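Here is the structure we will look at, set down as structure tokens.
Just so it is clear, none of the values below were taken in a lab; they were calculated from the coordinates. In this text the structure is predicted, and so the values were computed from the model without any measurement. Cβ sites come from the backbone with ideal geometry, for glycine too, and all protein chains shown count toward neighbours.
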Amino acid sequence: MNMAAIPYWLLQILLIPALSPLFIGVTRRIKARFQNRRGASVFQPYRDFWKLFHKDEIISEDASWIFRVAPYLIFAVTLVIGASIPLVSTGLSNTLTGDLLVVVYLIALGTFFLALAGIDTGSAFGGFGSSREMMVAALTEGGLVLSLLTLALISKSANLTAISANIGSLSFPSFTPIILAFISFSIALLAETCRYPFDNPSTHLELTMIHEAMILEYSGKRLALMEWASANKYLIFIALGANLFFPRGIADSLELIPVILALAVFAGKASLFCIAIAVLESSIAKLRIFRLPDLLFTSFVISVIAIGLVN
Amino acid sequence: MLAVFAAGALGALLLRKHDAAANIWGNCMAIIGSGAGLLISGAALFHGTVPAFSVDSSLPLLAFSIRIDQLSAFFMLVISLVAFFCSIYALDYVRHYYGKYSIGMLGFFYNAFIASMIIVVTAQNALFFLVAWEVMALASYFLVIYERRETASIRAGSLYFIMTHAGTAFIMIAFLLMYRATGSFEFADFRDGMAAASPLVKNAIFISALIGFGVKAGVIPLHVWLPSAHPAAPSHVSALMSGVMIKTGIYMMVRIYLDILPGSYLWWGLALMIAGSISSLLGVLYALSEHDLKKLLAYHSIENVGIILLGLGSALVFSSFGMTSLAALGLAAALFHTMNHATFKALLFLGAGSVIAATHTRNIEKYGGLIRLMPQTAFFFLIGSMAISALPPLNGFFSEWLTFQALFQGVAGFDVVTKVIFILSIGSLALTGGLAAACFVKAFGITFLARPRSEQAERARETGMLPRVAMAALSLLIAGLGLFSGLVLRTLAKVTGSMANLRGVESADVAQFKSVSLQNGFGEVSMPALFIGIIVASAVVAAAVAVLTRKRRTETGPTWDCGSDLTPRMEITATGFSRSLITISRGVLRPSSDTEIEYHDASRYFPRTGTVTMGLHDIYQTFIYKPLHDLTTMLAAQVTKVQSGNINVYILYIFLTLIGLLFFMDLQS
């Protein structure tokens, strides 16, 4: 690695945690508009995290070290994923951890500890949240792997950065499989980032919550880490959707001007994803939990068809 | 080395009057024996020497020939490794059987069991193999029924006994077919002679070997004995049975399909992949519904055998297309997973054994909060759980990654049927990974986290020193196999290259310590980078947060209870945790739920107690084994008509048979 690339690597690693609260804020703001409210500023999530880091913390006396360590580990895992995926330039090729399976299983690692932390305090809510989360996560994995595999087969590489570069350079993209895979991926995105119709990110109603139920016992700095990690995951999935399926605009070199341009394009694409998700969340109802597998199975079948169309 | 095991077995038998002496003698001999096994197999694997000896017996066709080639050495290494740590564990663990059951008998069968497994994977004569196979089956049968005052153990043992012998019958058919084609029982002669055999014979051998060894490996629907037999044995034996014994079935499949039978047909590989997909998916679903900790682990063995079969099946498919380097990749994935499963399954069974010894129950609903009472066991069990759930950066992730890569290579460029089977295998492997993670969140969470759910769990104490040493060593091994997976894979290339069908073929991967990649550049992963990445990132996050919040206090308080009195009864149960996933897959699993309500009076308005029993219908019993059993009984009833009990009639039978034979001879000549 040459020395000139180091600032860009720093950008790559810090981009996800730096921008993720912003996009959570954007999504919330758009949703508020749909509900005829003015909504909080898009920078509110940053203030929330700042506030939480400056509060004392209470931990359940039943909690073990798993509960204490989980937030750090989950947040760290999102950082590793953030460094492994294409964000602004395909010139930053990560061949060490950039494999699609590595990213999928790193996400599973975070989910595993999140679910354990949910059970750890012995609260009834946490246990049910973990049970639901593992159900959704287990069923999502098939569709997620196969939809990304569609792209890997088209671009003859399972490395995410290489996929981004190859899909972008297709003169006449084999459009149908990509679109089908994208539909399948979108369902997985909603499931993994705790969005409608799978989960309600702003509820604390025991009948419906999944993610919030698991982190119910957290407070102070660990709550901030958990929320922030969840925001990171949201932006990671948006970045995967934006840069793998629609890689136009991503820089292919490591020069200042193209990278800044690519950063602007990335922000624009990510905002479009936020708008789409906010519109979706404002216009549909949450599904009953036993209807969710139907949707996830649809995601699986669509990506099987997509792979069938790749030749 | 075998002499050491024999000494261990007989010595333990002689010392059976003194529990402690028998235990120490039996297990120390097992430790020395498996240590010697480690050295021999390691030498054979790394230096490429092929130790072999052969002693002719007075019986025709039977020769006591042993030859440790690379494949045998690999399996011998895995067996010795697991046996070594299990024996260390047993030194302390067996103590709680003192005075209850005969320790001498345990030592005898334990040593016989390990020795026979080692002979099974090194024997080069089919009859000698069958003798060893039978000793292994009998020794493990007696270990299953070791707790002989438990009726469940006896039942499990009987089922195992029947199933394993039905399997042996099919194995004999396979060997006899090969004998007919080659006129010898030596594996080397099989290898030379099978090229001339007709496709029909080869297919027949494939099917009988699949059924025969599939029973031992626990392939669904031949698995019925496994979930009841493995848990019934003492935990260190369960670890050996689940971690290693079922792999002898895998060993023989590799030996026959890729070494003895020249070339393979496409449908063989596809059949193995379908069997693997079904076993892995159903295995993990049954595990989810299980509340007996050891049974849950036993079902996961079925799942992992399924994953191994996916790798092996893809190897056969590639081999049938002549793509030998990809076949080597698929086989390497299968072998890597074989070794990984042996390590983490042994670790999990040993951990489960410690938990059971501390709480005296196998029911997962009675645990809870053990992480505070048994912190080290909990940590080791967590490592095992992460590895089996294929979470990076441990070894389970790497072998699943390799299996995935082999399957990915199969999606491109085959006909539609093959392609679809590959895609569905990938889907089932991905789904299996997710479900296994769900199952181990349940197993670890309900066992070790939250608050104790029973008095037994409150009284649990940390297990002894030796068991912890054994578990710590296995945990290190798991991490090491993950970290150094590139180097391990390079060693495995020697094994795959020694197969007759893949002789000298380079595997389709580039294995280095730094990273492992495919030659065509499709995939690449670096396990050291994952290790470093996760550890460094966690450390940086922890340090940054510590600096940022250095003035803040952390207090402990009660869990929020909504104003009620929070009791362990309000925690989620294992049944509740997995019920949603089971409800979703009700089409395959056929869950049952029996509601029983007792009423105070005849009015049926005031229930006194209500019990809901949730379980699964045993579909294999109902749809496969029950009809088979009925058919056998019916046939037997017909046959009894011949048996009149009158001696004159029997003499008549002999006479008629003789005349028949004479006619037959006449026709032949």
Long-range share for segment A:1-72, i.e. C-alpha pairs more than 17 Å apart as a percent of all pairs, stands at 66 percent
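Counting alpha carbon pairs within less than 8 Å and at least 6 residues apart, what relative contact order, in whole percent, applies to chain B? Kindly include the intermediate steps, with their values, before the conclusion.
Values: 1109 pairs, mean separation 77.1, N = 669.
Here the relative contact order equals 12 percent.
Given that compact globular proteins tend to follow 2.2 N^0.38 Å, what is the ratio of the alpha-carbon Rg of segment B:1-125 to that value?
Numbers: Rg = 15.6 Å, N = 125, 2.2 N^0.38 = 13.8 Å.
Its radius of gyration relative to the 2.2 N^0.38 Å reference: 1.13.
What net charge is computed for the residues neighbouring A:Ile81, neighbours being all others with C-beta under 14 Å from the C-beta of A:Ile81, Lys and Arg scored +1, Asp and Glu -1? Don't jump to the answer; show the numbers that get you there.
Details: positive: A:Lys233; negative: A:Asp99, A:Glu192.
In short, -1.
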Between B:Tyr599 and residues 5 or more places away or on another chain, the pairs with built amide H atoms under 5 Å apart involve B:Arg608
Mean Cβ-within-10 Å packing, highest first, puts peptides A:11-21, A:84-94 in the order A:84-94, A:11-21
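So what's the convex hull volume per residue for the Cα atoms of chain B, in Å³? Can you show the working numbers first?
Working: hull volume 148.2 nm³, N = 669.
Taking only Cα atoms, chain B has a hull volume of 222 Å³ per residue.
Kindly put A:Thr161, A:Thr111 in sequence by how many other C-beta atoms sit within 10 Å of each C-beta, fewest to most.
Working: A:Thr161 23, A:Thr111 28.
Going from sparsest to densest Cβ surroundings: A:Thr161, A:Thr111.
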What helix-only [θ] at 222 nm does chain A give? Using -39500 (n - 2.57) per DSSP H run of at least 4, over all residues, to the nearest 500, the answer is -23000 deg cm²/dmol
Rounded to a whole number, the mean other protein chain Cβ count within 10 angstrom for residues of B:557-569 is 4
Checked segment A:15-134 with the C-alpha gyration tensor, a ≥ b ≥ c its square-rooted eigenvalues, rounded below a/c of 1.5, otherwise prolate if a/b is larger than b/c and oblate if not; verdict oblate
Gyration tensor (Cα only) of segment B:144-212 to equivalent ellipsoid, semi-axes in Å sorted down, yields 36, 12, 7
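When Cβ neighbours within 10 Å are restricted to other protein chains, what is their mean count per residue of peptide A:73-81? Each step should come with its number before you reach the end.
Values: counts 5, 2, 7, 10, 7, 2, 7, 10, 2.
Across A:73-81, the average partner-chain Cβ count within 10 Å equals 6.
Count the net charge of all other residues whose Cβ sits under 12 Å from the Cβ of B:Leu589, scoring Lys and Arg as +1 and Asp and Glu as -1.
Charge balance near B:Leu589 sits at +1.
Hey, what's the Kirkwood Rh for segment B:621-668 if you take every pair of different alpha carbons, in angstrom?
Details: mean 1/r = 0.0744 Å⁻¹.
Over segment B:621-668, the inverse of the mean reciprocal pair distance is 13.4 Å.
Using mean Cβ contacts within 10 Å as the protection proxy, how do B:87-97, A:40-50 order, highest first? List each step's numbers first, then the result.
Values: B:87-97: 22.8, A:40-50: 15.5.
So the peptides B:87-97, A:40-50, ranked by packing, come out B:87-97, A:40-50.
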In chain B, helical segments from DSSP H whose Cα atoms cover 30 Å or more along their own axis and that average at least -1.0 on the Kyte-Doolittle scale are B:19-47, B:70-93, B:151-182, B:266-288, B:293-320, B:324-359, B:416-448, B:527-548, B:647-668
Distance in Å, no decimals, from the C-alpha centre of segment B:1-30 to the one of segment B:198-261 is 29 Å
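Sort B:429-439, B:12-22 by packing, meaning the average of other beta carbons within 10 Å per residue, with the highest value first.
Details: B:429-439: 27.7, B:12-22: 17.9.
With the highest mean Cβ count within 10 Å placed first, the list reads B:429-439, B:12-22.
Return the equivalent ellipsoid semi-axes of segment B:549-669 as a descending list in whole Å, where each equals the square root of 5 times an eigenvalue of the C-alpha gyration tensor.
The three semi-axes for segment B:549-669 are 68, 26, 14 Å.
Taking Rh as the Kirkwood radius, which is the inverse of the mean 1/r over Cα pairs, what is the Rg/Rh value for the protein assembly as shown? All intermediate terms of the calculation are to be shown ahead of the outcome.
Values: Rg = 29.6 Å, Rh = 29.7 Å.
Result for the protein assembly as shown is an Rg/Rh of 0.99.
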Computed over chain A, the convex hull of the Cα set has an average projected area, in nm², of 16.2 nm²
Low-density loop trypsin sites (Lys or Arg not before Pro), segment A:220-283, at most 11 other Cβ within 10 Å, DSSP non-H/G/I/E/B, are A:Arg248
Neighbours of B:Phe187 by Cβ distance under 15 Å: Lys/Arg at +1, Asp/Glu at -1, summed charge -2
Note to self, chain B gives a 222 nm [θ] from helices alone (DSSP H runs n ≥ 4, -39500 (n - 2.57) apiece, / all residues, nearest 500) of -22500 deg cm²/dmol
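Taking every residue in A:114-120, how many Cβ atoms of other protein chains lie within 10 Å of its Cβ, on average? Working shown, then result.
On the way: counts 1, 8, 8, 2, 4, 12, 7.
Taking the mean over all residues of the peptide, I get 6.
For the residues B:Lys551, B:Lys202, A:Lys156, what sequence is obtained by ranking on other C-beta atoms within 10 Å, fewest first? It would help to have the intermediate numbers written out before the result.
Values: B:Lys551 7, B:Lys202 21, A:Lys156 13.
Lowest to highest Cβ neighbour count: B:Lys551, A:Lys156, B:Lys202.
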